[in-house]
Amino acid sequence: MSLVPPYIASLRPYEAGRTIEDVRAHYGLTHIAKLASNENPLGASPLALDAVRGAMDHLNLYPNGGLDLRRVLAHEFGVRVENVITGSGSEGIMSNIIRTFLGDEDEVLTTEAAFIGFQVLARGRGVTYRTVPYRDWHYDLPALAAAITERTKIVYLANPNNPTGTIFTRAEFDDFYRHVPERVLIILDEAYYEYARDNARYPDSMHYRYDNVITLRTFSKAYGLAGMRIGYGFAHEELIGNLLKVKLPFEPGTLAQASGIGALADKAFLHRTLELNARGLECLSRRFREMGLTVVPSEANFLMLVLDSEAKAAALVEELLKQGIVTRPLKAFGLPNCVRISTGTDDDNRRAVEAMERTLEALEGIDHGTGLPAAQRHGPR
Ligand SMILES: Cc1ncc(COP(=O)(O)O)c(C=O)c1O
């Protein structure tokens, strides 16, 4: 007899993207561009690293639950410390939201193929998980509003969205918000906020603070601190107060907290990151479109490619891998014919374009049903 409830037994453990060492050893390559996890190709913010070094002398002491970073964030964004929470990545806070607000009978509502981290956390809670299809790879906010039921407790929206890279606009969100009852908590996941914030149509959620909206952000992407596990959120003090009851008391760790404080001060690094990303998005999307690929317009640090079959998507990922370009197949998200590729350094992007050219040539003649080159699809004679 299984010791776990069926909703846990049916989950699959998270499969991390392949590591650089793994790909290097397996394919005997010297140069690898890891473009699978939307990480920062410039490394970590130098000021964050300085702050981490400075904090190393105090590792014998317990951390203060993120209070120092909460104060800095409150000052930076013009809110009160009671409106700010920090955690082990934005996913750590997401996990606490699920534990704090969901009862057994509640439902969670989001888009199809939502960010996989949220899918896993919500399904792992054993509640009903409902989705609404994308409209042209965007959240269908009117359909989501219409799908809210008496039992809906959380609506999860990522803006920009992972894996599509698309945004919903301020006007679209305002209209959606008018249709959401106050008893429904909206999670606005802004993990890619920094990449989109200069778009005039992007609804920076700090401009409107509603009582039932929690904004999540992270240092993992634009500040290059994915390995640190540090994220933050803004919400009404009552929501934050309840989250503080549930979170691990000593989360985030001392080094993670210090890195966040250092990173926030590093405007120069953020600027370089955003410039590099804008160049990368422009170059990759233009060149891939010229090759005839379907590229979803992105406001984040990655692009989604739509292939015409699962077999073709899988073959594309594998052929790119052999050439040292690591991309993310999106089958686990629920989009088996799609592939996601992050922007890299200028050199990574150039290599990715060249590898894609060679790959598409090699894939011509692939049988879409089997993924096998045409010559092999009837099997040996
Ligand atoms: C939409 C979205 N939200 C949250 C996260 C998780 O970020 P963190 O590293 O802060 O947990 C990611 C990471 O890929 C993401 O794409």
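Test Y7 against the stated conditions and say whether it is hydroxyl-bearing (S, T, Y), over 25 Å from the mean Cα position of the chain (by Cα), away from the ligand (no atom under 16 Å from the Cβ) and open to solvent by 80 Å² or more (accessible area, probe 1.4 Å).
When the stated conditions are applied, Y7 does not pass them.
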Checked against (1) within 17 Å of the chain's Cα centre (by Cα); (2) of a type outside the set (K, R); (3) part of a loop (DSSP other than H, G, I, E, B), G126 satisfies every condition except (1)
Among the helices (runs of 4 or more DSSP H) contained in the stretch 25-119, which hold 2 or more residues that are within 15 Å of the ligand (Cβ to nearest atom) and farther than 24 Å from V339 by Cα?
-> 67-77, 89-101
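Could you tell me whether the stretch 106-128 includes any residue that is closer than 17 Å to A256 by Cβ and out of contact with any Pro (no Cβ under 9 Å at 6 or more places or on another chain)? Before the answer, list the steps.
Step one: of the stretch 106-128, the residues closer than 17 Å to A256 by Cβ are none.
No, the conditions are met nowhere in the stretch 106-128.
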Taking the stretch 132-150 as the region of interest, how many residues are more than 14 Å from T164 (Cβ to Cβ) and open to solvent by 70 Å² or more (accessible area, probe 1.4 Å)?
-> 3
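Residues checked against (1) in contact with a helix residue (DSSP H, G or I) (Cβ under 9 Å, 6 or more places away or on another chain); (2) over 30 Å from V326 (Cβ atoms); (3) in contact (Cβ under 8 Å) with a residue 12 or more places away in the chain:
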| position | (1), (2), (3) |
| --- | --- |
| L47 | yes, no, yes |
| A51 | yes, no, yes |
| Y62 | yes, yes, yes |
| L69 | yes, yes, yes |
| L73 | yes, yes, yes |
| G92 | no, no, yes |
| S95 | yes, no, yes |
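Yes/no matrix, rows are residues, columns are (1) of a type in the set (A, V, I, L, M, F, W, C); (2) within 9 Å of the ligand (Cβ to nearest atom):
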| position | (1), (2) |
| --- | --- |
| A200 | yes, no |
| D204 | no, no |
| H207 | no, no |
| V213 | yes, no |
| L216 | yes, yes |
| K221 | no, yes |
| R229 | no, yes |
| G233 | no, no |
| H236 | no, no |
Residue in the stretch 264-311 that is farthest from L335 (Cα to Cα), counting only those that are buried (at least 16 other Cβ atoms within 10 Å of the Cβ) and of a type in the set (V, I, T) = T273
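The values are calculated or read from the model by the stated rules, or taken from the named source; none is laboratory data. In this text the structure is predicted, and so the values were computed from the model without any measurement. All Cβ positions, even for glycine, are placed from backbone atoms using ideal geometry, and neighbour counts span all protein chains on display. Only protein heavy atoms, including side chains, enter the accessible area calculation; ligands, DNA and RNA are left aside. Shrake-Rupley method; radii C 1.70, N 1.55, O 1.52, S 1.80 Å.
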